[in-house]
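Peer 1: I have a structure I would like to understand better, so I am pasting it below and will then ask my questions one at a time.
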Amino acid sequence: MNAAMTQDAILKISSLQKRYGEVNVLKDIDISMAPGEFLVLVGPSGCGKSTLLSCISGLTDISSGTIHIAGRDRTNDEPADRDIAMVFQSYALFPNMSVERNIGFGLEVRKVNEAEKKRKVAEVADLLKIEHLLHRRPAELSGGQRQRVAMGRALVREPKLFLFDEPLSNLDAKLRVTMRTEIKRIHQTTGASIVYVTHDQIEAMTLASRIVVMKDGVVQQIGTPQEIYNKPVNAFVADFMGAPSMNLMTGTATREGEHVRLQIPTPEGPPLELFDYGPGPETLAAGDTAELTIGLRPEAMTDLGLRSGGMDGRTLQSADCLLDVVEPAGADTYAVVQLGGTEAVARLSADAPVAAGQRVPIAFDLSKISYFDIASGNRL
Amino acid sequence: MLGRRQKREKWILLAPALAVLALITLIPLANTLWLSFTDTRISALPEPVHFIGLENYVYALTDPDFQEALFRTLYFTIVSVGLEGVLGVAVAVLLNQEFRGRTLLRALIILPWAVPTIVNAVAWRLIYHPDYGALNSLLFQLGIISDYRSWIGDPATAMNMVILADVWKNFPLVAYVALAALQTVPEDLSKAAAIEGAGPWKRFCSITLPWIAGPLMVVMVLRTIEAFRVFDIIYVMTGGGPADSTKTASFYVYQEYFNYLRSGSGASYAVLVAGISAVLIVFYYSVTKRQTAGGAA
Amino acid sequence: MRRSLVQSILLYGCALLLAAFTAGPLLWLAVMSISAPTDLTEVPLRWIPSQLDFSRYAALLSLDGGNGERFLSALRNSILTAGGATAAALLLAIPAAYAFSRRQASMVLLFAFLATIMMPPITYVLPLYSTFSSLGLLNHTVTLIIVYTAMLLPFATWLMKANIDVLPVEVEQAAFMEGAGTAYTIRQVVLPLALPAIAATAMLSFLVAWDEFFYALIFTNDLSAKTLPVAIADFSAGRVTDYGVIASVGVLATLPPAILAIAFQKFIVSGLVAGSVKG
């Protein structure tokens, strides 16, 4: 991160630590975010993502480190002084106030004059399509409407930074998709800078301009959805992002001239053999053999029907696999194959004529392959 | 959560309440403590005050009248609270059954609680009246007694009659707490025990009672603390008599202060009574804490 | 489970007995208050009044004549004292409860609050008496209001804390994020949500103050400040020869708390149970 970038960052977190007594819940967090970015903090529960958001908001004080927002040190500032707004998981609407007063509350506190307040509330209500709800109480609204009001309350003050704490997790599955689109639309219209916490990796992939994957209070990887998906820095990220998750198979790699020979053991007989004509694991010297974790996403293991171009023998290679379980899922059919000590999932076409117990040729797309160290899980 | 500001704010929020409590309780408490080491008297003219060390306490602890007052207080407390406990649980069990008029009865028993303590004392004093009291008349007409009695004029019965009046007013609290606890007893537990062949009494002792023991204990200790300070009902019903048979510790201190005007000596009695209360209060704290930690309430 | 006939008889018998034990003394008090004076001195008693006599109520509720004036001024003093103390206690208790609930004020301190009211009043009464006496504040309603405020405060704080605890904290955080200060948040967000709790706390506090006797006995000595309990004790100990007058004063003093208790039974019972059991 160069100096100019630091200057321009809308949010810059440096060496942030958060301890509760002896427990270190956030360890050395460094994040820099450019204006207009949609940054998604994602990770399993207990990874510290919500605590980190709470630290950014100022609702939780931090143990060490600094937080800069729009170039100013806000580490010790009150939440209200940080020029930020937050959308809570439970919406946290004021039940005793009308929608209009809920949205205008921040302006009311700041003693903005009545006409100005009304105008801004109307503007936001128009953007969120909730003009007709302004005189209702939160109790009279549906989940999706409450969600819009909560966003309206955040938007109306035009803060430098928006914080979203799992805002969709209280909605049913269908509404969640609608609201996801809605949030994306608002981001595109307003160009707002957003930090967004979720445990749902699909939400992260669809919304983010960049994703921060966290685990046990440590940032695992920061990158665009494509980087995170295609080049996960370790086995954890590979496993956590994507559904179904990446197949992590234990096997051996040997560098033989221009290719790397991969052998993945199968329970029923000889190992599966593939040849990686790409760069292969960097640490592997010519002639060396190493045991490692081989990562391939389900969509890199397909049936031949999907590969009309046929095998080129280099990036696409075919091998027969014994299908353990076949799970039709509508658009695709997933087939489980015992490979390298794991239940590897292959993503086949919906109408693939396959059944459990059959040996079927599977096309492996080696351009999407990842290698991880077995002990550390780090990308090789 | 937020560090410094919240800490500062906490004290700002607490300050008014703390100030009032300090003025009305803490400072007087310290003052009483100080008085108890002096020979101060209440008088219109300023009198010299001497620090006399533990003299008041030596006197108080060897004063047989005060000891008797303490024992009377203890008797009042144990018998009242004991009866309130038994009656309260019995009423709660009854009100936990399904029967017609249950809702009405549940509402009815709040009335004794709502009656002001002084009205309660006055009403029972009228009921116990030796000549025109309802109790005498009722028992006589039912043939239970052949002569009218002076219920609170007789040292042998006075204290017990006061206790009856106190129990009447205070059993509803115990009953309501016990009832609330009873309503959380899982029906399955009782049914399972019934299938195992346990009779109603056995089920009550081995399932119901242990289940409600926690909250019951807390409210009984709370009642004990209240009963130990008993004053109002004594003041109105018997004035400590007859023959001091209802003179409790609080009443004793009251007389030492306001009848005999010996504030130094009275303060030492007050401190001793407060000390016993403090022990009860600490006990209350520990059962409440255990109760909260147990989470059964 | 079905009940046998014997069980049913036993159950309804117990219920009747309880109803009689609970209502009996009160009914008798009411009957006495409307019996002719001569009915009350018959031996054995005449249970059913020979005629209904409401004259005592009429006398008590009119300012003419000693009893009426004594009763009405005591009623006024009681309303002022209990009402004033309740309002003051709530005003102090709400911020304190917020500090305990949301600002991590020590629970030991809260318990110390409670311990102060559990102590016998004789612990505090003499220094208070001396102080009020030297300030010339004896026999003033405001004195009782101050003392009662301290007496009600711990319990009110405790109840309010328990009720604030269960409010969603995120709503307050949202208010802070929007820039509201603590005072504004308490007023605009917390209090509206806690309104039922405040009402319950106010009612219980009022009843406790209405009931107080000891301090009132010591700090007041005439019509200008004596509260109902002291006035009733006076009636009972004084030269009143008609027991019906004492009974009707008792009935009138019981009516306000009894009406509150019956009308808000659920409220009050749950407040009582929570207040006495929860830590």
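Peer 1: Starting from residues that are loosely packed, with under 11 Cβ neighbours inside 10 Å and charged (D, E, K, R), keep the ones in the range A:103-115 and report whichever is farthest from the chain's Cα centre (by Cα). Full working, then the answer.
Peer 2: Step one: filter the range A:103-115 for residues loosely packed, with under 11 Cβ neighbours inside 10 Å, giving A:111, A:113-115.
Right, trim to charged (D, E, K, R) and you get A:111, A:114.
Numbers: A:LYS111: 39, A:GLU114: 41 Å.
Only one residue tops the list, namely A:GLU114.
Peer 1: Tell me which of these B:ILE212 doesn't satisfy, since it passes every other one: (1) assigned to a helix (DSSP H, G or I); (2) more than 29 Å from C:THR116 (Cα to Cα).
Peer 2: (2)
Peer 1: Can you pull out every residue in the range C:158-178 that is farther than 23 Å from A:PRO79 by Cβ and charged (D, E, K, R)?
Peer 2: C:LYS161, the sole residue that qualifies.
Peer 1: Please name all residue pairs, on different chains or six or more residues apart, with Cβ atoms under 7 Å, provided the first residue is in the range B:170-199 and is away from chain C (no Cβ under 11 Å) and the second residue is open to solvent by less than 20 Å² (accessible area, probe 1.4 Å) and acidic (Asp, Glu).
Peer 2: Matching pairs, first to second residue: B:ASN170/B:GLU84.
Peer 1: Can you pull out the residues in the range A:114-169 that are assigned to a loop (DSSP other than H, G, I, E, B) and either among the aliphatic types (A, V, I, L, M) or touching a residue at least 60 places away in the same chain (Cβ under 8 Å) (or both)?
Peer 2: Of everything in the range A:114-169, those that are assigned to a loop (DSSP other than H, G, I, E, B) and either among the aliphatic types (A, V, I, L, M) or touching a residue at least 60 places away in the same chain (Cβ under 8 Å) (or both) turn out to be A:ILE130, A:LEU134, A:LEU141, A:VAL156, A:ARG157, A:PRO159, A:LYS160, A:GLU166, A:PRO167, A:LEU168, A:SER169.
Peer 1: Given the residues A:ILE228, A:ILE264, which is the only one that is in the same structural domain as A:LEU339 (by the TED database), open to solvent by less than 50 Å² (accessible area, probe 1.4 Å) and modelled with pLDDT of 90 or more?
Peer 2: Step by step, each of A:ILE228, A:ILE264 is checked, and only A:ILE264 is in the same structural domain as A:LEU339 (by the TED database), open to solvent by less than 50 Å² (accessible area, probe 1.4 Å) and modelled with pLDDT of 90 or more.
Peer 1: Determine if the range C:50-57 includes at least one residue that is surrounded by 13 or more Cβ atoms within 10 Å (Cβ to Cβ) and within 11 Å of another protein chain (Cβ to nearest Cβ).
Peer 2: The answer is no, given that none of the residues of the range C:50-57 is surrounded by 13 or more Cβ atoms within 10 Å (Cβ to Cβ) and within 11 Å of another protein chain (Cβ to nearest Cβ).
Peer 1: Looking at the structure I just gave you, is B:VAL236 part of a loop (DSSP other than H, G, I, E, B), within 10 Å of chain C (Cβ to nearest Cβ) and in contact (Cβ under 8 Å) with a residue 24 or more places away in the chain?
Peer 2: Answer is no for this residue.
Peer 1: For a quick check of your reading of the model, give me the residue pairs whose first member lies in the range C:215-227 and is touching a residue at least 40 places away in the same chain (Cβ under 8 Å) and over 12 Å from C:VAL147 (Cβ atoms), whose second is of a type in the set (Ser, Thr, Tyr) and in a loop (DSSP other than H, G, I, E, B), with beta-carbon atoms closer than 9 Å and at least 6 apart or on different chains.
Peer 2: That search, which allows pairs on different chains as well, returns C:LYS226/C:THR220.
Peer 1: Here is a check on your reading of the model: is C:ALA93 open to solvent by 20 Å² or more (accessible area, probe 1.4 Å), of a type in the set (Gly, Ala, Ser) and facing chain B (nearest Cβ under 7 Å)?
Peer 2: So C:ALA93 does not fit the description; no.
Peer 1: Have a look at C:ALA82, C:ALA87, C:ALA23, C:ALA74 and point out the one that is at the interface with chain B (Cβ under 10 Å from one of its Cβ atoms), assigned to a helix (DSSP H, G or I) and within 22 Å of the chain's Cα centre (by Cα).
Peer 2: Details: C:ALA82 fails: at the interface with chain B (Cβ under 10 Å from one of its Cβ atoms); C:ALA87 fails: at the interface with chain B (Cβ under 10 Å from one of its Cβ atoms); C:ALA74 fails: at the interface with chain B (Cβ under 10 Å from one of its Cβ atoms).
One residue alone meets the criteria, C:ALA23.
Peer 1: Right, another one. Which of the residues spanning the range B:122-136 are under 20 Å from C:PRO49 (Cβ atoms), in a loop (DSSP other than H, G, I, E, B) and under 25 Å from the mean Cα position of the chain (by Cα)?
Peer 2: Answer for the range B:122-136, where residues must be under 20 Å from C:PRO49 (Cβ atoms), in a loop (DSSP other than H, G, I, E, B) and under 25 Å from the mean Cα position of the chain (by Cα): just B:HIS129.
Peer 1: How about the range A:69-93: which of its residues are assigned to a loop (DSSP other than H, G, I, E, B), aliphatic (A, V, I, L, M) and facing chain C (nearest Cβ under 8 Å)? Walk me through how you get there before you give the answer.
Peer 2: At the first step, the residues of the range A:69-93 found to be assigned to a loop (DSSP other than H, G, I, E, B) are A:70-71, A:74-78, A:82-83, A:88-93.
Those left that are additionally aliphatic (A, V, I, L, M): A:70, A:92-93.
Scanning the range A:69-93 gives A:ALA92, A:LEU93.
Peer 1: Given the residues C:ALA216, C:ALA225, which is the only one that is open to solvent by less than 20 Å² (accessible area, probe 1.4 Å) and over 23 Å from B:TRP113 (Cα atoms)?
Peer 2: On inspection, the qualifying residue turns out to be C:ALA225.
Peer 1: All but one of (1) within 24 Å of B:VAL273 (Cβ to Cβ); (2) aliphatic (A, V, I, L, M); (3) at pLDDT 90 or above hold for C:MET118; state the number of the condition that does not hold.
Peer 2: Answer for C:MET118: the failing condition is (3).
Peer 1: Among the residues of the range C:31-48, how many are within 17 Å of C:ALA59 (Cβ to Cβ) and open to solvent by less than 50 Å² (accessible area, probe 1.4 Å)?
Peer 2: 6
Peer 1: Turning to a different aspect of this structure: Run B:VAL81 past the list (1) more than 9 Å from chain C (Cβ to nearest Cβ); (2) without any contact (Cβ under 8 Å) to a residue 24 or more places away in the chain; (3) hydrophobic (A, V, I, L, M, F, W, C) and report the number of the one that doesn't hold.
Peer 2: (2)
Peer 1: Assess whether A:ASP172 counts as being closer than 23 Å to A:VAL25 by Cα and open to solvent by 50 Å² or more (accessible area, probe 1.4 Å).
Peer 2: no
Peer 1: Does the range C:243-252 contain any residue that is open to solvent by 10 Å² or more (accessible area, probe 1.4 Å) and in contact with a Gly (Cβ under 8 Å, 6 or more places away or on another chain)?
Peer 2: Looking through the range C:243-252, none of the residues is open to solvent by 10 Å² or more (accessible area, probe 1.4 Å) and in contact with a Gly (Cβ under 8 Å, 6 or more places away or on another chain).
Peer 1: Count, please, the residues in the range C:258-273 that happen to be in contact with a helix residue (DSSP H, G or I) (Cβ under 7 Å, 6 or more places away or on another chain) and either at the interface with another protein chain (Cβ under 9 Å from one of its Cβ atoms) or surrounded by fewer than 16 Cβ atoms within 10 Å (Cβ to Cβ) (or both).
Peer 2: The number of residues fulfilling the criteria is 9.
Peer 1: If the requirement is being outside any helix (DSSP H, G or I) and free of Cβ contacts under 8 Å to residues at least 24 places away in the same chain, which of these qualifies: B:TYR254, B:TYR260?
Peer 2: That would be B:TYR260, the only listed residue that is outside any helix (DSSP H, G or I) and free of Cβ contacts under 8 Å to residues at least 24 places away in the same chain.
Peer 1: Moving to a separate point now. What are the residue pairs meeting all of these: first residue in the range C:105-124, first residue touching a residue at least 24 places away in the same chain (Cβ under 8 Å), second residue open to solvent by 30 Å² or more (accessible area, probe 1.4 Å), Cβ atoms under 6 Å, and 6 or more apart or on different chains?
Peer 2: C:ILE117/C:MET151
Peer 1: Just for the range A:71-85: of the residues that are of a type in the set (Gly, Ala, Ser) and at pLDDT below 90, which one is surrounded by the most Cβ atoms within 10 Å (Cβ to Cβ)?
Peer 2: Of everything passing the filter in the range A:71-85, A:ALA80 is surrounded by the most Cβ atoms within 10 Å (Cβ to Cβ).
Peer 1: Exactly one of these conditions fails for B:ARG100: (1) within 7 Å of another protein chain (Cβ to nearest Cβ); (2) without any contact (Cβ under 8 Å) to a residue 12 or more places away in the chain. Give me its number.
Peer 2: B:ARG100 satisfies every listed condition except (1).
Peer 1: Would a scan of the range C:138-146 turn up a residue that is more than 7 Å from chain B (Cβ to nearest Cβ), of a type outside the set (A, V, I, L, M), within 16 Å of C:ALA85 (Cα to Cα) and part of a helix (DSSP H, G or I)?
Peer 2: Checked against the condition, which is being more than 7 Å from chain B (Cβ to nearest Cβ), of a type outside the set (A, V, I, L, M), within 16 Å of C:ALA85 (Cα to Cα) and part of a helix (DSSP H, G or I), the range C:138-146 yields at least one hit.
Peer 1: Here is a list of conditions, (1) within 18 Å of C:ALA88 (Cα to Cα); (2) outside any helix (DSSP H, G or I); (3) of a type in the set (Gly, Ala, Ser), and C:ALA202 meets all of them except one; can you say which number that is?
Peer 2: (2)
Peer 1: Mind counting the residues in the range B:253-263 that are open to solvent by less than 20 Å² (accessible area, probe 1.4 Å) and either within 18 Å of the chain's Cα centre (by Cα) or polar (S, T, N, Q) (or both)?
Peer 2: Final tally of qualifying residues: 2.
Peer 1: I'm checking my understanding of the structure. Among residues of the range C:212-231 that are over 16 Å from B:VAL122 (Cβ atoms) and assigned to a loop (DSSP other than H, G, I, E, B), which one is farthest from the other protein chains (Cβ to nearest Cβ)?
Peer 2: C:SER224
Peer 1: If you scan the range C:131-170, which residues turn out to be closer than 20 Å to A:PRO95 by Cβ, β-branched (Val, Ile, Thr) and open to solvent by less than 10 Å² (accessible area, probe 1.4 Å)?
Peer 2: Listed by number, the list holds a single entry, C:ILE164.
The values are calculated or read from the model by the stated rules, or taken from the named source; none is laboratory data. Since the structure is predicted, the reported quantities are computational estimates derived from the model, not experimental observations. Ideal geometry is used to build each Cβ from the backbone, glycine not excepted, and the neighbour counts take in all protein chains shown. In case anyone asks, the SASA skips ligands and DNA or RNA and just uses the protein heavy atoms, side chains included. Shrake-Rupley method; radii C 1.70, N 1.55, O 1.52, S 1.80 Å.
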